[in-house]
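The values are calculated or read from the model by the stated rules, or taken from the named source; none is laboratory data. Worth saying up front: this structure is predicted, and the values here are computed from it rather than measured. Here Cβ is always computed from backbone atoms with ideal geometry, including for glycine, and neighbour counts include all displayed protein chains.
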Amino acid sequence: MALVYGNGEREVNGIRLGAELIALCVIWASFPMIISTGMFSACGSGANEAAKTATICYDILHSLPSNDQFKQTRNDIIELAEQACNKAPTFTAAGFFTIDTSSLFALFGAVTSYLIVLIQFNK
């Protein structure tokens, strides 16, 4: 839309479209990209931090004394570490794909390829 109406030669209802339309299209196109970048990186960071839970649990276990006073605490920490190892949390989009930084780059790559094809067909 910005390429078609942004050259300043078109008029819609008596309004000459130009640089304002290009700026508006850039803002409208960049807003979802900024939001998705933040969401994808937050989900990736959350999954990475959750993966570190087992390591932290085992470090805590090594620092606890081995007397009977901490027996229940040790059992709880072992159970948490096993759950962290066996059921690593991931963020998915309704189970179709995982949401992390690698899928963000795949999304940007797909959009870029699609735009290149569209520009080639426009000529």
**OP:** Please work out which one of (1) under 30 Å from P32 (Cα atoms); (2) in contact (Cβ under 8 Å) with a residue 24 or more places away in the chain is the condition T53 fails and give its number.
**Re:** (1)
Subject >> Selection within region 66-93 - polar (S, T, N, Q) and under 22 Å from the mean Cα position of the chain (by Cα) >> reply: T90, T92
Original post:
Can we say I56 is among the aliphatic types (A, V, I, L, M), at pLDDT 90 or above and surrounded by 12 or more Cβ atoms within 10 Å (Cβ to Cβ)?
Top reply: yes
Original post:
In region 50-86, which residues are among the aliphatic types (A, V, I, L, M), part of a helix (DSSP H, G or I) and farther than 30 Å from A106 by Cβ?
Top reply: I56, I60, L61, I77, I78, L80, A81
Subject >> Filter result (in contact with a Gly (Cβ under 8 Å, 6 or more places away or on another chain), modelled with pLDDT under 75 and not basic (K, R)) within region 3-45 >> reply: G6, N7, G8, L17, G18, A19, L21, I22
**OP:** Return the total of residues in region 70-97 being more than 15 Å from C57 (Cα to Cα) and touching a residue at least 40 places away in the same chain (Cβ under 8 Å).
**Re:** 3
Subject >> Verdict on A47 being touching a residue at least 40 places away in the same chain (Cβ under 8 Å), part of a helix (DSSP H, G or I) and either within 17 Å of E79 (Cβ to Cβ) or of a type in the set (A, V, I, L, M) (or both) >> reply: yes
**OP:** Restrict the check to region 73-89 and report whether at least one residue is in contact with a helix residue (DSSP H, G or I) (Cβ under 9 Å, 6 or more places away or on another chain) and exposed (fewer than 11 other Cβ atoms within 10 Å of the Cβ).
**Re:** no
